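Let me begin by presenting the structure, written as structure tokens, before commenting on it.
The values are calculated or read from the model by the stated rules, or taken from the named source; none is laboratory data. These figures come from a predicted structure and were not determined experimentally. As a convention, Cβ positions derive from the backbone with ideal geometry for all residues, glycine included, and neighbour counts pool all protein chains shown. For the accessible areas, the whole protein counts, side chains as well, though only heavy atoms, and no ligand, DNA or RNA atoms are used. Shrake-Rupley method; radii C 1.70, N 1.55, O 1.52, S 1.80 Å.
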Amino acid sequence: MTKNEDRELIKRARSGDATAFEALANTYYETMFKMAYKFCGNRQDAEDITQDSCIRLARGLHTFKGDSAFTSWLYRLVINTAKDWYKSNNRHPKSDEGLETAQISAQGDDQLYAKQVIAAVYELPDGERDALLLVMSEGLSHKEAGQILGCKESTISWRIHEARKKLGALFEKEQKYG
Amino acid sequence: MDEAKLKKILENIEAPAPDENARKTAVNLAVAEFKSLENQRKNTPQGNSIWARLTNKTTQTRSNPMQQKSKQRLMYGGMATAMAVILIVGITTQQTMVNTVGHDAMQAAKLKKITFETDGDAAAIAMDSLAEATEESSPAYVASIQESNEAETTASAAPTSMAAPVGRLTANQAKVSRSFAGAGADASRMMMVESMPYAPPPHVVPLPEPINPYYQEEGRDKFQDFKPSPVKLVADEPVSTFSIDVDTASYSLVRRELNNGIIPNPDAVRIEELVNYFDYNYPLPETREQPFKPTVTVTDSPWSKDKKLVHIGIKGFDVQTDSKPHSNLVFLVDVSGSMNSPDKLPLVKSSLKMLLDTLQPNDTVALTVYAGSAGTVLEPTKVSDKQTILNAIDNLNAGGSTAGAAGIEEAYRLAEKHFDKEGVNRVFIATDGDFNVGVSSDEDLKTIIEKKRESGIFLSVLGFGLGNLNDSLMQTLAQNGNGTAAYIDTINEARKVLVEEASSTLFPIAKDVKIQVEFNPELVQEYRLIGYETRALNREDFNNDKIDAGDIGAGHTVTAIYEITPAGVKGSVDPSRYAAKKEAVKPGSEFSNELGFLKMRYKLPHENESKLISTPIPVDAGAPNADITWATAVAGFGQLLKGDTHIGNFTYDDVIKMANEAKGADEFGQRAEFINLVRNAKVAAGK
């Protein structure tokens, strides 16, 4: 679907067209699910969070004014939903190794290593994990990540630095000597 | 750690493809929400005042920058209009309160107050729209704003109240005042502020301590214990009598336990409530004189060879939106210490707000709470004055012990005060069922409720939380007080009970509905009623109008299933050696085509004399369809969970197979969810 068609859908949905909203929700469900999945690392939570996000989308679409890209706006929505969701369920995101491991394209030892790194990433403090995922995994700039997470560009840089330091302490040695 | 390497690993996290069912469910839910919001929007007047103007400033952080910015703009706006602006900045160790009093030359104008839904983002918007209003310099208002920036506390106090709709700001343009969910200001204080004729310089009220982290009780849930109904010989006891049950509490409880990987306590499984959780397309009565009509279907039993199942299905007619009677509702909310957990009080608040959205502007709502003592937080208020109600709900906080009985008395008193003979009068109790001050035994509370029943007020019991849930008390209350019980574990369940089924929750179409079936010994030798153990009645109770029974709401469906053993095949019970052989009814007699005779008694909501519906049950009644298969699968599941001994080799896999065949359109994913639960149960049971 092209950008223009999306824009048209958003416009129609905002003016109260339920069919347009349904089409929009269907179009972006996958995007939202993938965002949610990255932030929680397992399917069950991701589905729940995406469902909540869809409902929030229905409630909040009128606050989208088109001054940022729709996907960044959606990011914010999904991330905030995920945060609230974890808060209300009193839990913490956890990559679920046993049931549904994130698919990793690397092979053999590399794959095991990657799994460990990802598991460690999910153990990071929320702010650092979110920043790291947005920048490293989604390829956003520090500025964009800042807008989505509601903090300054420099905060993002600092959080990523912190996160790398922590991951480094965990993995560097093993790599060198192991 | 090597950046390139880390980047490569993280880039390669790939989310799996989303599940088609999950997507359908989510999109359907969202579209439903979208439509209901759209309807609401259409019903609110257009052209909002500048006070309520929507802005896109939601992207602000929740911390200090917001305050500073608003402060600057207020000052700027003030100068631009040659207004005197007084800024009082009070900083305490715990929180910052900014109190701003703006004066205008034309002070004669009336005091305006705005009442906002409180939420971190909404707070930001409110500040901004106010600042902008001042900038544009038109209003001649004296505004008093009490602002406290406890966004974090607020958010954690009401985690389930999802994104406060900004549209709420539109209501009540003429009132501006502000209070916070997290601030814990009690509603009486709030109302006092509102009724003041002139705004004095606002005084800084110290906020109470933030709520302690919640505690979670475990293993103190109370259930009434009961045995599955036994097989009965038609020769000994040809008549079976029971009260209908439209509650669904048991299903939600079972779901919650199974989702945690636990097989629920057998006493928590009430099979009829599992079956009745789902909606079935039974035919409606032709005329409205008769509120419902029974549909009887006979099928083969999937778990016993040679046996048959008799399904009795009832669907009540639905009330049209325009003919909905006026409602007089009283919410009784348990705010005792045990309610202090995210799945309790915050969920209660969200649920009540959802319910509020389904009401008509003319309906009245009152709010009472009980903890150590009982008190009225909100006198009966018209729904058109929605902000006042929302504020009162937001101001609820948990703490203290539980004087439930006093709360019930108070709630009924309020309902009686505004009793509407023509309308619907209903008390909603939201509780975890833990009553520990004053009258607290099930029996004594039952006596209170039975007395109240005479007044014509209906009761809905909404159960929340787990760990300390008193299911048996909830059932006692609902069964004896012309009431229903539902258990609410998630926001989606709240939606199902309070929004999708609002009309059946609110509008009873018949009360004291009893069912009596007499089996024909010529064709049936044994029968067994599946479920309804807690609803059994004596044979003579059927015609006694003083005996209370279940109520049916608009659009409710009720299903009852009997398993019967036809005459001539080997039954579960050996025939008696000494009983005299009765002369069998001759084949070809008047009744040789009837398995039995079904009688139902009900009263219309405002009447005290019962009416009778009766119909014979032919041998080949009805045609099996997907709904019947579904109900059978659910009943089978319930019996498996209870460890019922009558279902032979029937397994969870059989349930899944049957359910998959009968799933149908499943618009809101409830049936898909059921199938998942069966899988969970299979894993939890290790089978």
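Points worth noting:
- Highest-first packing order for the peptide set B:671-681, B:331-341 is B:331-341, B:671-681, based on the mean count of other beta carbon atoms within 10 Å.
- Remark: spin-label model distance B:Asp225-A:Lys3 equals 6.9 nm, labels positioned 7 Å along the Cα→Cβ axis.
- Of all DSSP-defined beta bridges confined to the stretch B:325-500, some 20% are antiparallel rather than parallel.
- Computed from the C-beta positions of B:Arg41 and B:Asp318 and an R0 of 30 Å, the FRET efficiency is 0.80 to the nearest 0.05.
- Annotation: per residue accessible area for the stretch B:325-500 equals 26 Å², rounded to a whole number [probe 1.4 Å, protein chains only].
- Accessible area (Å², per residue) of the stretch B:597-687, counting only protein heavy atoms and a probe of 1.4 Å: 46
- B:Tyr578 versus B:Lys7: modelled label distance in nm, points set 7 Å from Cα along the beta carbon direction: 9.4
- Set B:Lys24/B:Lys642; B:Lys315/B:Lys611; B:Lys599/B:Lys642 screened for pairs whose C-alpha atoms are more than 23 Å apart: B:Lys24/B:Lys642; B:Lys599/B:Lys642
- If the segment from B:Asn259 to B:Glu667 were pulled out straight at 0.36 nm per residue, it would be longer than the present Cα-Cα gap by 144.7 nm.
- Taken one residue at a time, the phi angles of the stretch A:9-20 give Karplus couplings (6.51, -1.76, 1.60, θ = phi - 60°) of 4, 4, 4, 5, 5, 5, 8, x, 7, 5, 5, 4 Hz. Gly and Pro are set to x.
- Chains B and A together bury roughly 4800 Å² of accessible surface, counting both sides and using a 1.4 Å probe on protein heavy atoms.
- With a Cα cut-off of under 21 Å and a minimum spacing of 8 residues unless on different chains, the lysine pairs in the stretch B:325-500 number 15.
- Here the simple spin-label model places points 7 Å from the Cα toward Cβ, and for B:Asn660 and A:Lys87 these points are separated by 4.1 nm.
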